[in-house]
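Scroll down for the structure; my scribbles are underneath it.
The values are calculated or read from the model by the stated rules, or taken from the named source; none is laboratory data. Treat the numbers as computed from the prediction; the structure is a model and nothing was measured. Note that each Cβ is placed from the backbone with ideal geometry, even for glycine, and that neighbours are counted across all protein chains shown. Protein only, heavy atoms only, side chains kept; ligands, DNA and RNA dropped before computing areas. Shrake-Rupley method; radii C 1.70, N 1.55, O 1.52, S 1.80 Å.
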Amino acid sequence: MTVRWWREVGWRHVAALLAVAFAVVPVLYVVSAAFNPLGTVVSTSVVPTEFSLVHFRALFDDPSRPFLRWSLNTVLVCVAVTGVQIFCSALSAYAFSRFRFRGRRGGQLSLLLIQMFPQFLAAVALFTMFTAMGEAIPALGLNTIAGYSLVLMGGALAQVWLLKGYFDTVPRELDEAAIMDGAGHGTVFVRIILPLARPILAVTGLLAFVGTLGEFLLASIFLTDTQRKTLAVGLYGIIESDRSNNLGVFAAGALMTALPVVLLFLFLQRYIVGGLTAGSVKS
């Protein structure tokens, strides 16, 4: 009985415990480093042994690392990119889901193919293009939040397939009933489809927000001015300048960076469970 239990059920518990440990240990190490007053690689352990807010004070008091400015830049970029990405993806998904037109299948396959290539493969071309653009329109050039946001908006259709799968599950009879009552496609999309699609919009919004928050490669190329950096680039500069002694400040910044993601997740959690599985099946 014991052997059979281990073969059928027990190994799942062991795998689950290993997965939890794999996820929790790095978080504990960051928490320990953030609150450890010594804040070095050598002195920090997985389990916190001392408590101090000295690294958080250093993070906010040092003018050479404007953490609040980096936070504001990051929030502006994340909100703009997430809003544009959801809006454009929802419009495209609605068109692919509800209309039949020439090039529909080719358009869907083209989007799928393009999404297989990471955006940083075009880093050189984007750098050249925005260098020239900055000479004509300085507000959209290098070292500008607007220009960097515009670069990330190039992936505005990243969530089309996920949204289309959900839109396909919304009965077409609702559209037809609204159209018979005199509604246009714009009214159907705004007044019927979008309210019903709130779970998947919450999931795609969270995915887009987290992806934009953690974007580092393009940000490190486009944002080199200290006042224009995002949190990812700014925090990397802290740990790069002194990998050992700045570990505590870096960990404190990492915890502060994770705070808006946690709050957003808590706010959207009632939609996330249904949204993660929505669109994966087709009735």
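Counting the residues of region 177-217 that are assigned to a helix (DSSP H, G or I), surrounded by fewer than 19 Cβ atoms within 10 Å (Cβ to Cβ) and not small (Gly, Ala, Ser) gives 14. Inside region 63-78, can you point out the residues that are surrounded by fewer than 14 Cβ atoms within 10 Å (Cβ to Cβ) and touching a residue at least 40 places away in the same chain (Cβ under 8 Å)? Once the filter is applied, which keeps residues that are surrounded by fewer than 14 Cβ atoms within 10 Å (Cβ to Cβ) and touching a residue at least 40 places away in the same chain (Cβ under 8 Å), region 63-78 yields only Ser64.
Once region 123-161 is narrowed to residues that are in contact (Cβ under 8 Å) with a residue 40 or more places away in the chain and not in a helix (DSSP H, G or I), the residue that is surrounded by the fewest Cβ atoms within 10 Å (Cβ to Cβ) is Asn143. Scan region 1-38 for residues that are farther than 30 Å from Leu53 by Cβ and β-branched (Val, Ile, Thr) and jot them down. Thr2, Val3, Val9, Val14 - these are the residues of region 1-38 that are farther than 30 Å from Leu53 by Cβ and β-branched (Val, Ile, Thr).
Filtering region 228-254 down to residues that are closer than 19 Å to Pro48 by Cβ, open to solvent by less than 50 Å² (accessible area, probe 1.4 Å) and touching a Phe, Trp or Tyr at 6+ places or on another chain (Cβ under 9 Å), which residue is modelled with the lowest pLDDT? Selected residue: Gly248. If Ala90 satisfies all but one of (1) open to solvent by 30 Å² or more (accessible area, probe 1.4 Å); (2) assigned to a helix (DSSP H, G or I); (3) among the small types (Gly, Ala, Ser), what's the number of the condition it fails? Failing condition for Ala90: (1).
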